[in-house]
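Contents: one structure, followed by commentary.
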Amino acid sequence: MPKAIESSGICKSFGDTKALNDITFNINEGEIFGFIGPDGAGKTTLFRIITTLLLPDSGSMTILGLDSTVGYKKLRENMGYMPGRFSLYLDLTVEENLNFYASVFGTTVKKNFELISDIYSHIEPFRTRPAGKLSGGMKQKLALSCALIHRPRLLVLDEPTTGVDAVSRTEFWALLRKLKQYGITIVVSTPYMDEAMRCDRVALIQDGQMLSIDSPQNVRDGFSRKLFSARAGDKYRLLLALRDYPGTLSVYPFGDSIHLTLSEEKPGRQLSEYLSEKGINDATIVETEAGIEDRFLELMGMDEIKNP
Amino acid sequence: MKRFLGFVRKEFIHIFRDTRTLVILFGLPVVMIILFGYVVSTDLKNASLAFLDLSKDDVTTTLTDRICSSGFFRKTADLSGHQDIDRILRSGKAKAVIVFGENFGRELESGKKPRISIIADGSEPNIATLVTNYATAIISGFTQQPTLTNQSSAPVIVPEVRMFYNPSLKSQFMFIPGVITMIMILICALMTSITLTREKEFGTMEVLLVSPLKPVQIILGKVTPYFLLSFVNVVTILVMSRLVFGMSVKGSLALLLAESMLYILLSLSIGILISAVAKTMQQAIFISLVGMMLPTVLLSGFIFPIENMPEIYDWISSVLPPRYFIVIIKNIMIKGTGFAHVWKETLVLAFMTAAFIGLAVKKFRIRLQ
């Protein structure tokens, strides 16, 4: 399968801080590739290297068949980029923003309208409104339209859904799915684990290191132990009790429940006696399927959360 | 070309939608001209004078009238004795007191030297000097009238002073070229550096960089609207100075406008350079104001003559573009000289412009830091 991006051994430091360390990955043409990681993991730095805005200290990156440091001029014509911050002119209206970006890339809105028509239909009612007065979700759709207006082969979206409400996020991902049919390779980063499931493949990244690259399903399946979900009326007390339990390997709050792994095959009498000793009688512990977040926490070595 | 025009259009929208930018662009020049033209005037007009007339004869009355009808002075009080002088000066009701000695008229007619003194409020040295100079001029002009003095007395030799180019020594003639010089630096350097750093701060520069736009296109697109608007500004100031202060351009208007364009270009390139160095709008504003505005006001010869400065300031000012432009614009506006007299300064400006533009384009980063 032809590769949209081939990266090998990318390192980048800012002063003494190592932002990226030996980043190697391949992205296939036409896939939605997600970089998942917490804030400060190095996602934005990596994206700026992909978009030729930064030069790596070492390592090489080939994008759309061009070397990213030498061929940046040609690359920039084929790339759509949406930075983490809203990259719109807030005093320009929706229409003016779109027309401006079209003219910058030497095209017109009309020429590529079919590509953005789906997205644009959401914001068209507000086309004479200044971009600064749009809601977060609307801004995001406008920014996406602007990044797509020149029909790029590679679309780079840095945390496009951060600060956007849940409904808009779902809509946004549905729009990205639709873009796939035009053969556009989409590279996206997000701090939200639930969004990882919507990518074709994901890379987990933390502290400038790649932890794992695989399809979301395989990443989940990579979870090495049985995972249990525990609930009780007093969640906090349950958490404290489980932390002190000698058979606990890892335990952390997860939504309204608690996720834990145990050294024993399954929670047995020993555990329930321990809990009632601690005065917790309403605890229910059931086996559950690991999500990406669980795998991510496992990879990050958060198991040690037990003995801080 | 289409990309470039699209960019220029966007830039114009920015300017015309932002009231603050508009105020700085068009309000500031008008306010500055009015301010420097009227308020910061160094001309004497209706200065308050008190009189202590100890002889009270026809001559002193005529002389008092002569002084007060000159337009420079206005009589605010008649004093009755020496003890009032200190009081009226302290109260600020008079800038100076003119004291006629006893038997003023008789002594003048008999060829003796009558006693007259001017006591000025020295706490405002500039005004005191002006008041005494103007008053002395009127009084000596009066006493030398042949009808008053004895015909047989020796002729007094008084040089006839004439001010060329600015016969009435209007200070606006000094300030208008200075204000043009200052405003151009302010608007061009400040506004372009702000507008470029704004793109950096708002993150839109990232997208512009990841577009096929060349650095030259970005810079020119940013600068063109300001170039046009600054030119409109120069014309506005010239029209205003003509209508409000009656100051017309003595020399060639075409030459003046051409020189202004060169100077605007120079200021813009300084602005681009500032934006290449500054990371935020605040930095850009600071550099423009402290680095450009202050030296322009203080060291370019706009207010304080360079000839009176210590040598070191002279050197510093010789790298400041405004210094040369002030010479050019004063020559053309006030003296009416042609290109032959300002070519050296023009050459310096042209050289500086080329250097700054070269440096700015070279410094413009095609990547983030």
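Every read-out reported here was derived from the displayed coordinates using simple, explicitly stated rules and does not represent laboratory data. Computed from a prediction, not measured in an experiment: that's the story for all the values here. Cβ: placed from backbone, ideal geometry, glycine included. Neighbour counts: every protein chain shown.
Between B:T132 and B:D18, the C-beta separation translates, for a Förster distance of 51 Å, into a calculated FRET efficiency of about 0.50. The residues packed around B:V131, meaning those with a beta-carbon under 11 Å from its beta-carbon, carry a net charge of -1 if Lys and Arg are +1 and Asp and Glu are -1.
Each distinct pair of alpha carbons in region B:11-72 adds a 1/r term; the inverse of their mean, the Kirkwood radius, is 16.0 Å. How many angstrom lie between the C-alpha centres of region B:197-211 and region B:46-70? Their Cα centres are 70 Å away from one another. Shown is the FRET efficiency for B:K335 and A:T128, computed with R0 = 60 Å from the Cβ-Cβ distance and rounded to the nearest 0.05: 0.65.
Given only helices, namely DSSP H runs of n ≥ 4 each adding -39500 (n - 2.57), what is the per-residue ellipticity at 222 nm of the protein assembly as shown, to the nearest 500 deg cm²/dmol?
-13500 deg cm²/dmol
Inter-label distance, A:E289 to A:E277: 3.6 nm, where each label sits 7 Å from its Cα along the C-beta direction. Expressed as a whole number of Å, what is the distance separating the alpha-carbon centroids of region A:164-241 and region A:25-56? With region A:25-56 and region A:164-241 each reduced to a Cα centre, they are spaced 16 Å.
Under a Cβ-Cβ cut-off of 15 Å, what is the net charge of the residues other than B:F100 that fall near it, where Lys and Arg count +1 and Asp and Glu count -1? Result for the local shell: -2. The residues packed around A:T162, meaning those with a beta-carbon under 14 Å from its beta-carbon, carry a net charge of -2 if Lys and Arg are +1 and Asp and Glu are -1.
Taking chain B as the reference, fit the longest principal axis to its C-alpha atoms, fit the long axis of helix B:2-17 to the helix C-alpha atoms, and give the angle between the two in degrees, 0 to 90, nearest 10. Taking Cα atoms only, the helix is inclined about 40 degrees. Computed over region B:47-143, the percent of Cα pairs more than 15 Å apart is 57. The mean sequence distance of close C-alpha pairs (under 8 Å, at least 6 residues apart), as a share of the length of region A:227-306, puts its relative contact order at 42 percent.
Reducing region A:78-97 and region B:100-133 to their Cα centroids gives an inter-centroid distance of 74 Å. When B:S55, B:S252 are sorted by how many other C-beta atoms sit within 10 angstrom of their C-beta, beginning with the fewest, the order is B:S252, B:S55.
Label sites at A:D234 and B:D58, each approximated as a point 7 angstrom past Cα along Cα to Cβ, lie 11.8 nm apart.
Using the structure shown, select from A:K12/B:K363; A:K12/A:K141; B:K75/B:K335; A:K43/B:K10; A:K74/B:K10 the pairs with a Cα to Cα distance greater than 27 angstrom.
A:K12/A:K141; B:K75/B:K335; A:K43/B:K10
Please check which bits of region B:71-90 a label hung off B:S123 would reach, taking the label as a point 7 Å along Cα-to-C-beta and the cut-off as backbone N under 13 Å. Only B:86-90 pass the distance filter.
Normalised by residue number, the volume inside the convex hull of the Cα atoms of the protein assembly as shown is 248 Å³ per residue. Of the residues A:H122, A:H259, the one with the fewest other Cβ atoms within 10 Å heads the list, and the complete ranking is A:H122, A:H259. Residues A:T45, B:T280 in ascending order of nearby Cβ atoms (within 10 Å, fewest first): B:T280, A:T45. The modelled label-to-label distance for the pair B:F142/B:R365, using points 7 Å beyond Cα in the direction of Cβ, is 7.2 nm. The calculated FRET efficiency for the pair B:V216 and B:I306, based on their C-beta separation and a Förster distance of 25 Å, comes to about 0.10. 3J(HN,Hα) couplings calculated from phi for region A:134-150 with the Karplus curve 6.51 cos²θ - 1.76 cosθ + 1.60 (θ = phi - 60°) are, in sequence order, 8, 6, x, x, 5, 4, 4, 5, 5, 4, 5, 4, 5, 6, 9, 4, 9 Hz; Gly and Pro show x. Size descriptor for region A:227-306, Kirkwood hydrodynamic radius: 12.6 Å (Cα pairs only, one decimal). Note on chain B: Cα-Cα pairs beyond 36 Å make up 42% of the total pair count.
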